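Working notes, structure below.
The values are calculated or read from the model by the stated rules, or taken from the named source; none is laboratory data. Predicted model, so just to flag it, every value in this text is computed and none were measured. Here the Cβ positions follow ideal geometry from the backbone for every residue, glycine too, while neighbour counts run over all protein chains shown. In case anyone asks, the SASA skips ligands and DNA or RNA and just uses the protein heavy atoms, side chains included. Shrake-Rupley method; radii C 1.70, N 1.55, O 1.52, S 1.80 Å.
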Amino acid sequence: MTPVPLEPDHQARVALEEAVSAFLNRRLDSLAESSVFLGPPDRELVERLLEAPSEDGVDVDDLLGRIDLALDTGFDTASGRLLSYVPSGALYSAALGTYLGTGLNRYTAGAHAAPGMVAIEESVIRWVAALFGLGDEAGGILLSGGSLANLTAIVTARSRLGERFGDGVVYTSERAHHSVTKGARIAGIAGDRIRLIPTDDRLGMDPTALETAVASDVQAGLRPMVIVATAGTTDTGEVDPLGRCADVAAAHGAWLHVDAAYGGFFQLTDRGRARLAGIERADSITVDAHKSLLLPFGIGGLIVRDVAHLVDAHEGRGAYMHDVADGELPHYLALGPELTRPNRGLPMWLALNLHGVDAFRRTLDSMLDLAAYAAARLRELPTVELFAEPRLSILAFRSTDGDEATARLQQTLNESGRVHVSSTTIAGRLWVRLAFLSQRTTAAIVDETLDLIASAVTGRTV
């Protein structure tokens with residue numbers, strides 16, 4: 001076998017592309033009927049996949065064969081049958097945008113290096129800012145996901161207190177995503193300056209408890225730094241009372257950050273906009289395009305009402321950057337922690353423009369419909385308890401026979417290979433979650449899932 005050179009010619013590139021494309025399309029074509037839960041790999045496969053790279057090169061078909069084996073393990077996050085955690089739609093068009101972005105390899109952290117590509121990225125950032133009504137001074141940055149966006153927001157809020165921020169306090173819900181408290185710790189916030197606010201009976205932040213905690217800290221001479229509200233919790237999709245959180249933040253001069261990593265793009269829909277009321281008052285918002293905008297993993301973002309705050313918190317200069325001048329387009333290297341970054345704007349821009357915004361709106365509306373439909377069917381089943389009516393497209397349910405029965409129900413669903421679900425604990429009890437967010441999740445899949453649940457709890461085939 002002749003090794004593929006590091007710089008293949010046109011013919012060699014086409015051959016590689018055709019092999020990879022055929023492999024990818026075969027896998028995508030099989031998604032609808034393939035098992036979503038594939039289980040762990042055997043030891044022999046793990047050992048093979050752990051082998052060091054070869055000295056002389058390996059044929060691409062052999063490598064694709066190894067990838068094929070690797071993909072037949074775990075659970076398939078590209079499948080419409082994945083109803084666990086928070087699914088990602090992994091739009092094919094966005095994958096092509098990622099292919100173009102990495103193949104062209106333009107440096108987009110500085111507008112001086114690729115002004116045209118930065119303008120493309122900036123167009124989608126401004127579109128998101130306008131979607132939430134944040135005003136003319138708004139801006140932001142695309143990041144790897146909600147974890148880095150939440151960290152960046154906390155660092156930005158911290159910077160408003162100057163170098164001495166030890167008396168600044170972070171407030172968030174007990175059911176907030178763990179990246180919020182993790183980000184606060186990374187940002188240097190002491191554990192005794194992080195408040196976990198209790199929730200109401202739907203698991204939304206209790207605004208009265210928030211007001212009490214903030215007032216107590218102010219009386220003790222501490223400074224409310226940032227209130228982090230959630231627009232779509234991972235557990236049940238609940239939305240914190242954003243307007244009340246905004247009132248508390250405004251009364252005490254705190255930064256209001258909304259973690260809308262999961263729920264944010266439901267703002268495109270009428271129902272979603274109503275359920276996210278108050279988000280337009282945020283100082284910053286986390287959004288994950290790889291969640292409710294259906295893009296592949298690794299494309300999230302942070303939008304800020306006044307982009308100057310991002311610059312104040314993150315701009316840095318090295319001697320080698322003396323020729324990086326300011327201009328109309330932003331230098332993303334001055335808005336966040338990354339200096340070298342992938343071209344995240346291109347896949348997002350390509351997908352939005354190729355399909356049109358309304359295609360995303362209709363898909364998100366259909367996810368709200370599926371969640372409401374699933375809730376209605378679950379309410380009809382004996383020995384099944386629904387936690388609450390879904391606020392967005394996630395719901396939780398359990399067996400009234402207890403945690404062991406609930407765990408068996410989850411195991412039955414997953415071992416069927418027809419669906420994959422995850423669980424959470426609420427008030428010490430186990431609940432199974434259903435999360436609808438992929439354009440590949442159809443009404444037929446939801447019906448099949450509900451039939452499996454009905455069969456498991458009644459002992460009768462539906």
- Query: Which residues in the range 420-445 have a backbone N closer than 18 Å to a point placed 7 Å from the Cα of R271 along the Cα-to-Cβ line?
  - Reply: 434-445
- Sum of side-chain charges, I445 neighbourhood, beta-carbon under 14 Å (Lys, Arg +1; Asp, Glu -1): -2
- Query: Taking a quarter of the surface of the convex hull around the Cα atoms of the range 1-113, what do you get in nm²?
  - Reply: 10.2
- Message: Let me check against my output: what whole-number percent is the relative contact order of the chain, with C-alpha pairs under 8 Å and at least 6 apart?
- Response: 21
- Message: Given a 1.4 angstrom probe, what's the average accessible area per residue across the range 1-95, in square angstrom?
- Response: 65
- List, largest first, the extents of the alpha carbons of the range 183-275 along their principal axes, each in whole Å. 42, 27, 24
- Specify which residue in the list V311, A260, G301 is farthest towards the positive end of the charge dipole of the range 243-314, using unit charges on the beta carbon of Lys, Arg (+1) and Asp, Glu (-1), about the Cα centre. A260
- Query: When the convex hull of the Cα atoms of the range 268-386 is projected onto a plane and the area is averaged over all directions, what value comes out in nm²?
  - Reply: 10.8
- Message: Between the range 1-33 and the range 207-268, how far is it from one alpha carbon centroid to the other, in angstrom?
- Response: 48
- Query: Residues with amide H under 5 Å of A388's amide H, sequence separation 5 or more or different chain, H placed in the peptide plane at 1.01 Å from N; which?
  - Reply: A396
- Task: Take every DSSP beta bridge whose two residues both sit in the chain, then give the antiparallel share in percent to the nearest 5.
- Result: 60
- Between the range 354-395 and the range 115-173, how many Å separate their Cα centres? 29
- Item | the range 124-276, relative contact order [Cα under 8 Å, separation at least 6], % | 21
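For the range 222-316, with every protein chain kept in place, what is the accessible area per residue (1.4 Å probe, Å²)?
Working: 2540 Å² over 95 residues.
Ligands and nucleic acids excluded, the figure is 27 Å² per residue.
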- Item | At 1.002 mPa s and 20 °C, Stokes diffusion of the chain via Kirkwood alpha-carbon radius, µm² per second | 90
- When ranked by the protection proxy of mean other Cβ atoms within 10 Å per residue, highest first, what sequence do the peptides 151-157, 53-59, 22-28 form? 151-157, 22-28, 53-59
- Note on the structure: Result for the range 104-155: accessible area per residue, probe 1.4 angstrom, in square angstrom, of 36
- According to the Cα gyration tensor, what semi-axes, each the square root of 5 times an eigenvalue, does the equivalent ellipsoid of the range 383-462 have, listed from largest to smallest in whole Å? 19, 17, 11
- Inter-label distance, nm, simple model (7 Å from Cα along the C-beta direction), T2/D68: 2.5
- With each label point set 7 Å from Cα along the Cα-Cβ vector, what nm distance links R185 and D365? 4.4
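For A109, what charge total do you get from the other residues with a beta carbon under 12 Å from its beta carbon, if Lys and Arg give +1 and Asp and Glu give -1?
+1
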- Among beta bridges assigned by DSSP with both residues in the range 108-255, the antiparallel ones amount in percent, to the nearest 5, to 15
- Task: Find the eigenvalues of the gyration tensor of the Cα atoms of the range 224-289, then list the square roots of 5 times those eigenvalues as equivalent ellipsoid semi-axes, largest first, in whole angstrom.
- Result: 20, 12, 10
- Item | Ranked packing of 285-298, 218-231, 112-125, most packed first, by mean Cβ within 10 Å | 285-298, 218-231, 112-125
- Value of relative contact order over the range 272-426, rounded to a whole percent, pairs C-alpha under 8 Å and six or more apart: 12
- Task: Describe numerically, in nm with one decimal, the distance between label points set 7 Å from Cα along Cα→Cβ at T400 and at T212.
- Result: 3.3
- Message: At 222 nm, what value in deg cm²/dmol follows for the chain if DSSP H runs of at least 4 each add -39500 (n - 2.57) and the sum is divided by all its residues, to the nearest 500?
- Response: -13000 deg cm²/dmol
- Query: How much of the accessible area of the chain, in percent, comes from carbon and sulfur atoms when a 1.4 Å probe is used?
  - Reply: 54
